[in-house]
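*Asks:* Sharing a structure here in structure tokens format.
Bear in mind these aren't lab numbers, they're just calculated from the coordinates by the rules spelled out. Note that the structure is predicted; figures quoted are calculated from it, not measured. Cβ sites come from the backbone with ideal geometry, for glycine too, and all protein chains shown count toward neighbours.
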Amino acid sequence: MKKIYFITGSQDLYGDETLKQVAIDSKEVVQFLDEKISTVDIVWQPTVRNSEEAEDCLIKASADKDCIAVITWMHTFSPAKMWIKGLQRLTKPLLHLHTQYNRELPYSSIDMDFMNLNQSAHGDREFGFICTRLGIKRKVVAGYYKNEKVIKRISNFVDVALAMDFSHNLKVATFGFNMRDVAVTDGDRVESEIRYGWNVNYYGIGDLVTLVNKVTDAEVKEKLDEYNAKYQMNTDNLDAVKEQAKYEIALEKFLSEKKIGAFTDTFEDLHGLNQLPGLAVQNLMSKNYGFGPEGDYKTSALMAVLCKMSENREGATAFLEDYTYDLTEGEELELASHMLEVSPVFAKNQPKIEVHPLGIGGKSAPARLVFDGIEGKGIAVSMVDMGTHFRLICADVELVKQPKEMPKLPVARVMWKILPEFSNGAERWIYAGGAHHAVVSTALTKEDIELFAHLTNTELVIID
Ligand code: MN
């Protein structure tokens, strides 16, 4: 399990007795939080008393590959010049927990010893100043550490920190390149690695086709068993389904062997494949592989990162594509279905496997999952390349039930309401340059995206 270093700041001025008590108290705080937050090990560090210890501890945290973040707390006053060199060496996300050991003041017994020992109101402001002066990107959470709200906010920070660690190590495969002439899905792959850690590389579709051709009958049978267990087989064209099974088996082998967590394809480069990967991609998305169609590596990588961020929460997270509207005044809705590639995490009912022709691409009729979408509040997140920097756009959306059946549209049908209302929401999205591809999540909130944008120093436009 990944770790978070919990570092308590103090100084030598108070003497051994006080420092002993600081250590006892901070261990208790750490033990409590570690029990409450199960997604990571929160590891107590010896109290930091001076510049050398601060620097050593923060270098150690930065160099430890299992350490995804640091929590700091100033139990007493800790003169903040002692934190400068350490903070300059810190490369991990920082949560500054502004709390104290005692919940209430012991009004009848409070004396100067108590004041000496419990002065985070004093010490955490000193620490906060130097973080702000140094321009340290961080999260500050203030409140008693046993409050449910405080624990929840720390836990949300942990989710974002886990996602940032994942992002740092994420490899992305693009089968083929960006769809010809499309602007918004393109981007600076070097900057993507510098800023987010995404190692984005091109592979020829032939590399995948070689693996597709090696898939055995036994492997196909096993994959069909998986499909039958999860989905309803609503077609007689089993050959088309087997074809998708082969694609998925080959993709899984390719990606897992190279430790790749996200991928793209493009219907303009499918040489050697008879169908556009549909069912194969849908089933892989439900396993948290990032996906972007038409060579959209940014959406693919962002999806994988946001799936990681939401993996310990209720709700659905995956790529969706803006398609067509119902513009009935005051009740405007959007249908996000795309050709095929909608993740079954958005399914309201058990998805059906069906085989139908595609209108474009000139390939055989692909097997795909057909279903109606879930309902609920969520966010849509888009990443675009402005030339000088990346921009994230995050909008509130509400997934809704389709008002009428769509019997002639055999794809996944996810519908949503643009918030706060159609014109306002859609116009601001368009002004911001938001793409027609987004990662939609009912598990994450805009606070998560705000923190991710802040910690990665990414411009963010919020539409709410
Ligand atoms: Mn598209």
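*Asks:* Determine, from the Cβ-Cβ distance of E329 and N349 and an R0 of 22 Å, the FRET efficiency 1/(1 + (r/R0)^6), rounded to the nearest 0.05.
*Replies:* Step by step, r from the Cβ atoms, then E = 0.15.
*Asks:* Here's a follow-up. Which residues in region 26-47 have a backbone N closer than 20 Å to a point placed 7 Å from the Cα of K20 along the Cα-to-Cβ line?
*Replies:* Residues passing the 20 Å test: 26-29, 45-47.
*Asks:* Let me ask something else about it. Convert each backbone phi in region 152-158 into a coupling constant with the Karplus relation 6.51 cos²θ - 1.76 cosθ + 1.60 (shift: θ = phi - 60°), then list the ³J(HN,Hα) values in order as whole Hz, x for Gly and Pro.
*Replies:* 4, 5, 5, 4, 5, 4, 4
*Asks:* Give me the extension gain from E311 to S51: residue separation times 0.36 nm, minus the current Cα-Cα distance, reported in nm with one decimal.
*Replies:* Between E311 and S51, full extension yields an extra 89.8 nm.
*Asks:* For the pairs K253/K308; K92/K417; K146/K230; K171/K446, note any where the Cα-Cα span goes beyond 29 Å.
*Replies:* K92/K417; K146/K230
*Asks:* If R0 is 30 Å, what FRET efficiency do you get for I462 and E104 from their C-beta distance, rounded to 0.05?
*Replies:* Approximately 0.20, to the nearest 0.05.
*Asks:* Could you name the aspartates and glutamates whose alpha carbon sits less than 13 Å from that of K65, not counting residues in the same chain fewer than 8 places away?
*Replies:* Excluding near neighbours in sequence, the set is D165.
*Asks:* For each of M164, M386, M339, count neighbouring Cβ atoms within 10 Å of the residue's Cβ, then give the residues from fewest to most.
*Replies:* With the sparsest Cβ surroundings first, the list reads M386, M339, M164.
*Asks:* Let me ask something else. Take the cross-link list K139/K348; K60/K152; K27/K139 and give me the ones stretching past 24 Å between alpha-carbons.
*Replies:* With Cα atoms farther than 24 Å apart: K139/K348; K60/K152.
*Asks:* If you don't mind, there's one more thing I want to ask. Under 5 Å between amide hydrogens, which residues at least 5 positions from C67 or on another chain qualify, with H placed 1.01 Å from N in the peptide plane?
*Replies:* So C67 has HN proximity to K3.
*Asks:* Evaluate the distance, in nm, between pseudo-label points positioned 7 Å from the Cα of F129 and of D66 along their respective Cα→Cβ axes.
*Replies:* Spacing of the two 7 Å Cα→Cβ label points: 3.8 nm.
*Asks:* Here is a further query. What does the net charge come to around T328 if you take all other residues with beta carbon closer than 14 Å to its beta carbon, with K and R at +1 and D and E at -1?
*Replies:* -4
*Asks:* Could I have the simple spin-label model distance between N201 and H122, label points 7 Å from Cα toward Cβ, reported in nm to one decimal?
*Replies:* Result: 5.6 nm between the two label points.
*Asks:* Through the Karplus equation 6.51 cos²θ - 1.76 cosθ + 1.60, θ set to phi - 60°, convert the phi angles of region 51-66 into ³J(HN,Hα) values in whole Hz; use x for Gly and Pro.
*Replies:* After applying 6.51 cos²θ - 1.76 cosθ + 1.60, I find 4, 5, 5, 5, 5, 4, 5, 6, 5, 4, 4, 5, 8, 7, 5, 8 Hz.
*Asks:* What lysines sit close enough to K81 to cross-link, taking a C-alpha to C-alpha distance under 16 Å and skipping anything fewer than 8 places away on the same chain?
*Replies:* none
*Asks:* Rank-order 446-458, 197-209 by packing density, defined as the average count of other C-beta atoms within 10 Å over each peptide's residues, highest first.
*Replies:* Descending packing order for the listed peptides: 446-458, 197-209.
*Asks:* Now for a separate question. Cα gyration tensor of region 285-396, axes a ≥ b ≥ c as square roots of the eigenvalues: rounded (a/c below 1.5), prolate (a/b > b/c) or oblate?
*Replies:* rounded
*Asks:* Ranked by Cβ crowding within 10 angstrom, fewest neighbours first, how are T174, T210 ordered?
*Replies:* The most exposed by this proxy come first: T210, T174.
*Asks:* Given 0.36 nm per residue, what is the gain on full extension from S38 to D225 after removing their alpha carbon distance, in nm?
*Replies:* 64.0 nm
*Asks:* Between E191 and D236, take the C-beta separation as r, use R0 = 60 Å, and let me know the FRET efficiency to the nearest 0.05.
*Replies:* After rounding, the FRET efficiency stands at 0.75.
*Asks:* Which whole-Hz ³J(HN,Hα) couplings does region 296-309 yield from phi under the Karplus relation 6.51 cos²θ - 1.76 cosθ + 1.60, θ = phi - 60°, glycine and proline marked x?
*Replies:* 7, 6, 5, 5, 4, 5, 4, 4, 4, 5, 6, 5, 4, 4
*Asks:* Compute the Cα gyration tensor for region 1-120, then decide on rounded, prolate or oblate, letting a ≥ b ≥ c be the square roots of its eigenvalues: rounded whenever a/c is under 1.5, prolate when a/b is larger than b/c in the other cases, and oblate in all that remain.
*Replies:* Oblate.
*Asks:* A further question on this structure: Just to be sure I understand the model, the point goes 7 Å from the Cα along the line to the Cβ. What's the resulting K258 to K137 distance in nm?
*Replies:* According to this spin-label approximation, the distance is 2.7 nm.
*Asks:* Checking the a/c ratio against 1.5 first, then a/b against b/c, what shape does the Cα gyration tensor give for region 253-341?
*Replies:* Here region 253-341 falls in the oblate category.
*Asks:* Sorting K223, K377, K259, K404 on the 10 Å Cβ count, fewest up front, what's the list?
*Replies:* The fewest-first ordering by Cβ neighbours comes to K404, K259, K377, K223.
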